[in-house]
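**Q** First, the structure itself, so that you have it in front of you.
The values are calculated or read from the model by the stated rules, or taken from the named source; none is laboratory data. It should be emphasised that the depicted structure is a prediction, and the values quoted were computed from it without experimental measurement. Note: ideal-geometry Cβ built from the backbone for every residue, glycine included; neighbour counts use all protein chains shown. Protein only, heavy atoms only, side chains kept; ligands, DNA and RNA dropped before computing areas. Shrake-Rupley method; radii C 1.70, N 1.55, O 1.52, S 1.80 Å.
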Amino acid sequence: MPTTEDYTHFPVQMWERVLSKVKKAVVFMDDKCAESLHWCGGAAVLLEAGARNLKQFSSFEACGVNEPKAVFVVSTLLKGTTVEIIKDIISLSHFQYCVVITTVAHSVHLLANNVTAEMEGSPVFEQFEEKLCEWMGNMNYTGEVMHVPVVFAPVSQQLLLTPMFAHLFPLLPPDLESINAKRPEKKRFGSLLDVDINSLPVELQFEIKSLASVLNSVFEATGTREESFAVGPMSRIIAGELANHPQAKNRRKAAPNKASIIFVDRTMDITGAVGHHGDNLVEKILSVLKPLPGHVTDIQVDMLELTSLQRTPHSQTTLAPGCLAQTQSPAAQTLWEAMLTNKHKEGVMEVRRHLVETASKEKLPIKMSMGRVTPEQLCSYMQLFKSSWGALESHCGVLQLGLATAQTLRHPSLPRWDACLAFERLLLQALGDSDFPAVLRQLLPLMKPRGGEDSTTSGSRSGEDESGPDEMILLLVYLYSLADEAQPADQDTEEEEEEEVEKLERELIGVLTLVLTREIELSPLVQKLTGCANPEELTTERAHSAVEKMFDTLRGLSHARDHLKQLRSVYTASDGVHQATYRPFLRQILEEVLRPDRPECPDIDYMSGGLTDLLKTGFSMFMKVSRPHPGDNPLLFLFLVGGVTPAELRLIKESVSTLKPGTQVLVLSTRLLRPTDIPELLFTTQRLLPDIGV
């Protein structure tokens, strides 16, 4: 029986197939594949395998006369812009041997070329090989095209991410309106649950089919026979596509190892992803430190403190940043796992312990101190390594994680985390005592534009913990995701309440528009929300339009669980003794799956049965029919469509050890979330038009 380790090793095995092709080659790679490689050993493994250089996949790159071999690694279909870039690079170079590796399966390439019949061989790839030779200028030169699913990033022992699908997110009510607008009136869908894969835009169909193909590759390589389950409309479509995958049907007949995979839509629990209750060190690191350029998950660690360089405006471009992915150091990997799956305080204590032990091993003059861990204390330990180049090189992985921790603890925006947490707790209590308009009204005092009456100086905020537009947007998402939990209005006053909400929303839209236009520097989230790179571009009209669209999406957030029969709430109201609390949706799922005394949960749809299961469902009207239960198998995959938070990884680990010790659980997801990712995915992502190279 394979263990979770066999599955987390799968990405490395796939990269080994790429490495077998790179000897004496210049490698061109797009950002999504580069991010996967980053967590599988990085550029070092390519160079160790004999690659001569690694370059960005761009029309502005090329090679010299003495570089006759190229390998292209791309995460897209071999169509459109991708083809143009490959052609440009080849035309400007002197290649005699080109290998193109795509993460998109040949079956998806056939669909993209309007071929629905099954065909022998790989005709699309074969045709592209001929094109490569044409562009190289000699049909006797060598062109190879192949599919290798280098899609997964093994971020930890319990987590595989898919950078290629980082922007895949469950559909929302505005998306349903867009889909229905292109359909005849009599064929329009009543809800997102009714939407099937064939009614989606072709770009999104290709992305879902590509994801199903990638998952099939994992199960094929490990001899796994999976039972698929789903919670949420997008999860049902993906699970159904995996169940109907042509190769999967044959694999499941012969595969010896059983596993369950539950797909869960992120929209089932937006509260958990946008809230600040996680109490996790990595979540804070991801939130306050700048992202690594071209990456969705990893961040930049300022390494200046480990050098003798002076801090200048140009020092950041002089010194390469550190990062969180430490694949070459076992000690750093152990520390990373602890930071990722422990509480904040425990994670910080582990960082100190590792630094103290490492310094002691190297016989550095460390001064022990007990009590609260401070960033200054951590930095004093790390600066000891400056005196020993050998120690610095040997323990660089642990030091990068230590610096990431220290830089987060002393970051000026970190107090806002606690301020958001405090206000979220107030909102939770208010929801149980008041109607929605009364709770919504509590957000108005927070909406302070820069340079307002309460500010001490024009154009600045009065305190580091004072909320900016990012925090205001996060609190709006948090509150609207729980809107149905507020005290319901009487039937007589229901219409009045709706009018009151509309009036408050108009007021909030006006104030938030003013807040955005008064900003002297736009945060990355505000830039994405408004489409403006600087304050000069952000007119009142553009800000108002962006905020109005945001509220159109917010209104539908609380209805995401309306179709569920049992798991309809993520909120427990105060009972007079205990405060109101947030109940994580994932914990509820795991309780249903792992507790042996629980009956079958009606909200977890079984998707692997096909026609047989439909017949059983029909028979169940007059006889007892048992369906597979996700807790029946020794291995459980949880696929979070739309992202997972570090705090949820800890929750999963703790729930499994409490409910059913010994169960192996592996989490798969599209990305590792920071709170500000959610507004971006909700309000700015082209969910219906993903960039897959069509």
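**Q** Enumerate the amide H contacts of Ser608 below 5 Å, restricted to partners 5 or more residues apart or on another chain; note that Pro and chain-start residues carry no placed amide H.
**A** For Ser608, whose amide H was placed from the backbone, the distant partners under 5 Å are Ser228.
**Q** Can I ask one more? Extending each Cα 7 Å along its Cβ direction at Asn534 and Asp433, get the distance between those two points in nm, one decimal.
**A** Here the answer is 4.8 nm between the modelled labels.
**Q** Now for a different question. Given region 176-316, report the % of alpha carbon pairs whose separation exceeds 24 Å.
**A** Considering region 176-316, 57 percent of its Cα-Cα pairs are separated by more than 24 Å.
**Q** Here's another thing I want to ask about it. Taking just the C-alpha trace of region 330-378, give me its Rg and Dmax in Å.
**A** Spelled out, the Cα radius of gyration and Dmax of region 330-378 are 11.1, 31 Å.
**Q** Any idea what log10 I(q)/I(0) is at q = 0.18, 0.23, 0.26 Å⁻¹ for region 233-300, Debye with uniform C-alpha scatterers and no solvent?
**A** One equal scatterer on each Cα of region 233-300 leads to -0.87, -1.00, -1.12.
**Q** If amide H atoms are built 1.01 Å from N in the plane of the peptide, which residues on other chains or at least 5 residues away come under 5 Å of the amide H of Tyr571?
**A** When sequence neighbours closer than 5 places are left aside, the close amide H contacts are Arg583.
**Q** Give the dimensionless ratio obtained when the Cα radius of gyration of region 63-148 is divided by 2.2 N^0.38 Å.
**A** Expressed relative to 2.2 N^0.38 Å, the Cα Rg reads 1.09.
**Q** To continue, here is another question. Cross-link partners among aspartates and glutamates for Lys249, C-alpha distance below 12 Å, same-chain residues fewer than 8 apart left out?
**A** Candidates past the 8-residue exclusion: Glu220, Glu226, Glu227, Glu241.
**Q** Now a separate question. Which entries of Lys32/Lys55; Lys21/Lys55; Lys69/Lys290 have Cα-Cα distances beyond 25 Å here?
**A** Distance filter (> 25 Å) returns Lys69/Lys290.
**Q** Okay, moving on. Mind checking Rg over Rh on region 55-202, alpha carbons, Kirkwood formula for Rh?
**A** Taking Rh as the inverse mean 1/r over Cα pairs, Rg/Rh reads 1.08.
**Q** In cubic angstrom, how much convex hull volume per residue do the alpha carbon atoms of region 363-442 span?
**A** Looking at region 363-442, the number lands at 125 Å³ per residue.
**Q** Can you give the accessible area per residue of region 15-161, in Å², using a 1.4 Å probe?
**A** Counting only protein heavy atoms, the per-residue value for region 15-161 is 43 Å².
**Q** Using 24 Å as the Cα-Cα cut-off, could you pick out the over-long pairs in Lys79/Lys549; Lys284/Lys653; Lys182/Lys503; Lys209/Lys253? Display every interim value, and only then the final one.
**A** Details: Lys79/Lys549 32 Å; Lys284/Lys653 19 Å; Lys182/Lys503 32 Å; Lys209/Lys253 21 Å.
Correct reply: Lys79/Lys549; Lys182/Lys503.
**Q** What distance in nm lies between label points placed 7 Å from Cα along the C-beta direction at Ser387 and Thr81?
**A** Inter-label distance under the simple model: 5.2 nm.
**Q** So, one more: Under the Kirkwood approximation for Rh and a Cα-based Rg, what ratio Rg/Rh is obtained for the chain?
**A** Rg divided by Rh gives 0.96.
**Q** If you take the C-alpha gyration tensor of region 273-426, multiply each eigenvalue by 5 and take the square root, what semi-axes do you get, largest first, in whole Å?
**A** 25, 19, 15
**Q** May I have the pair-distance distribution P(r) for region 216-272, computed from all Cα-Cα distances with 10 Å bins from 0 and rounded to whole percent?
**A** 24, 47, 22, 7, 0
**Q** Using the Cα atoms of region 115-190, I'd like the radius of gyration and the largest Cα-Cα distance, Dmax, both in angstrom.
**A** Calculated on Cα positions, Rg and Dmax stand at 21.0, 57 Å.
**Q** How much of the accessible area of the chain, probe 1.4 Å, is carbon plus sulfur, in whole percent?
**A** After summing per-atom areas, the C and S share lands at 50 percent.
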